[in-house]
Amino acid sequence: MGRILLLLCVFIIACRSPKSDEVIEQVVGPIAQNGMVSCAHPLAAEVGRDILQMGGNAFDAAVAVHFALAVVYPGAGNIGGGGFAVLRTAEGQVSSIDFRETAPRLSSRDMFLDSSGNPLPMKSRLGHLSVGVPGSVDGMLQIHDSLGSLALEQLLQPAITLATKGFSLYKWDVEMLKEFSTDFAEVNIGPTPFTGKNWVPGDTLYLPELAETIKRISSDRRDGFYAGTTADLISAEMKKGNGLLDYIDLKGYRSIWRPVIKGDYRGYAVYCMGPPSSGGIALIQLLEGAELKNISSLGHNTVKTLHYITELERRVYADRASHLGDPDYYMVPQEQLLDPGYLKIRYSSINPDEATRSANIKEGYVEMIESTETTHFTVVDKNRNAVSVTTTLNGYFGSKVYVDGAGFLLNNQMDDFSIKPGVPNQFGLVGDSANAIEPGKRMLSSMTPTIVEKEGEFFLAIGTPGGSTIITSVFQGLMNIIDHEMTLQEAVDAPKMHHQWQPEYVLYDSGQFNALLVDSLRKMGHDMKPRGHLGYLSGVLSIENGNLEGAADSRGYSTAKGY
Ligand code: DON
């Protein structure tokens, strides 16, 4: 059904190649002039588009979409999780907000190790102990208070209506609910709206308790979630399952406006998220490497291009593992990591013909001055205010803990900390003391919401879910558009690869890279491993005649709607 939906809104157009007179066919996403919303669920996209149409700006629509996704996309949309947003006003001011979860105040570095020091990875992934203090509600309220123009009640009403009146489940929703039903039963003592039914596609899911929680947020703002009834319900739920998060953690939670990370790629200004997301630093490191190695001249997904991309990624992820963490707890050497001189040396060990072994790559030397579910959505309005938001519960349905009486699921974001040096998290990412657990600290993220300007004007807003593959998918998406002049739809749909230093292998979109290409990379020493699909990019691109193209990966239910 997702595909059918998609076919209705993706078009094939014929146009002239900018490089020759040849007529080429291009696949483009929906096009509109006044505003565009691209997100993981058609109902949430409609909510956003309606807000834009009634005169709300992109920031208003983003808040409305976030709450709508918390209802219709419970696997990743959330009020019990956190995320990051990069925002650009029509006047060209770019800011970023971190509404990442924090470790509860009773957490401790070794809380996921047994008495002999062995890791207990399931404890950081499933159930009450895996939950970090949620940031989404505070983040959305901050965005609304700073940049919104409509009343909060107006923005939250569509989510309340969807939760009350119910919405129809897709085949994929049903498959996910079935896949995780045992986990749900393991961590929840009582019934939840997601369990106890033999769901079939087309069934209606009602979330009345969630509707009541959103009503409390609508009337009491922060206190509708971080105090009063909702906070009481979260604390009570945590007590039932021996979780750590409590009323005091909730009361103390604050999202933080952070300095945006800015880089330049071939004349385009790229704005992205700084720590505690690793996404911005890693993306700018990769783009700098792509420019240094002149990857744009090597062609799209050729053997040479893929070799260089892998080698850049190997070095960038080794840096990530050692040097990145919450900047409020760890001195992140940001300037040095982004310094062109540092990167030139760092990438000088790349052999053009042969893969390096990851075991031979360590993090770069920087002088210390001291001592798999997420969702991305993008909104652009008629004035070209733009918002790029990536938000998550971490795993699909997060910790699987349903807050009894409050209607929503809590994240399992504690797994994004390094539970022990060198022990991989669910995405195979390793880390060390920079990302060790400390009370109040934010766990390192890969989320990479990004906004790009061309000649000082809005050009592109993009992002994706995908855990550790987020950064590399955004990187390839940007190159597809800037270097290979693809439409946004083509750029998000193009096959992608991913490497993250450890483990050694290179993941690639199975079925989409031809056998000869994969074989050539193997011969260069790359350990190639097929994977279902990589990334799930979505975004909005400024195109000719003042239009916007919206696009979302055509493999799912994501969709773009404009007017
Ligand atoms: O913050 C992070 O990097 C992860 N918690 C993101 C998880 C994710 O993207 C899972 N989705 N596919």
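Would it be correct to say that R346 is at pLDDT 95 or above, basic (K, R), open to solvent by less than 50 Å² (accessible area, probe 1.4 Å) and in contact with a Gly (Cβ under 9 Å, 6 or more places away or on another chain)? So R346 fits the description; yes. Those residues that are in a helix (DSSP H, G or I) and open to solvent by less than 50 Å² (accessible area, probe 1.4 Å), I need them from the stretch 29-45; list them, please. The answer is P42, A44, A45. Scanning the stretch 439-465 for residues that are touching an Asp or Glu at 6+ places or on another chain (Cβ under 9 Å) and within 16 Å of the ligand (Cβ to nearest atom), we see that the one that is nearest to I284 (Cα to Cα) is S446.
Could you grab me the full set of residues in the stretch 415-462 that are closer than 24 Å to S322 by Cβ, in contact with a Gly (Cβ under 7 Å, 6 or more places away or on another chain), of a type in the set (A, V, I, L, M, F, W, C) and open to solvent by less than 10 Å² (accessible area, probe 1.4 Å)? Matches in the stretch 415-462: A434, M443, L444, M447. Please enumerate the residues belonging to the stretch 412-437 that are near the ligand (Cβ under 9 Å from one of its atoms), modelled with pLDDT of 95 or more and among the polar types (S, T, N, Q). Matches in the stretch 412-437: N412, Q413. Selection over the stretch 375-411 of residues that are open to solvent by 10 Å² or more (accessible area, probe 1.4 Å) and near the ligand (Cβ under 9 Å from one of its atoms) gives a count of 1. G48: assigned to a helix (DSSP H, G or I), buried (at least 24 other Cβ atoms within 10 Å of the Cβ) and within 16 Å of the ligand (Cβ to nearest atom), yes or no? No; evaluated as a whole, the condition is false for this residue. In summary, I471 fulfils each of the numbered conditions (1) modelled with pLDDT under 95; (2) within 16 Å of the ligand (Cβ to nearest atom) with the single exception of condition (1). Where strands (runs of 3 or more DSSP E) fall entirely within the stretch 499-557, those with at least 3 residues that are surrounded by fewer than 17 Cβ atoms within 10 Å (Cβ to Cβ) are at 528-531. Taking residues in the stretch 203-222 that are among the acidic types (D, E) and modelled with pLDDT of 95 or more, and partners anywhere that are outside any helix (DSSP H, G or I) and open to solvent by 80 Å² or more (accessible area, probe 1.4 Å), the pairs with Cβ atoms closer than 8 Å and at least 6 places apart or on different chains are D203/K197.
The values are calculated or read from the model by the stated rules, or taken from the named source; none is laboratory data. Since the structure is predicted, the reported quantities are computational estimates derived from the model, not experimental observations. Cβ: placed from backbone, ideal geometry, glycine included. Neighbour counts: every protein chain shown. These accessible areas exclude ligands, DNA and RNA; they are computed on the full protein's heavy atoms, side chains included. Shrake-Rupley method; radii C 1.70, N 1.55, O 1.52, S 1.80 Å.
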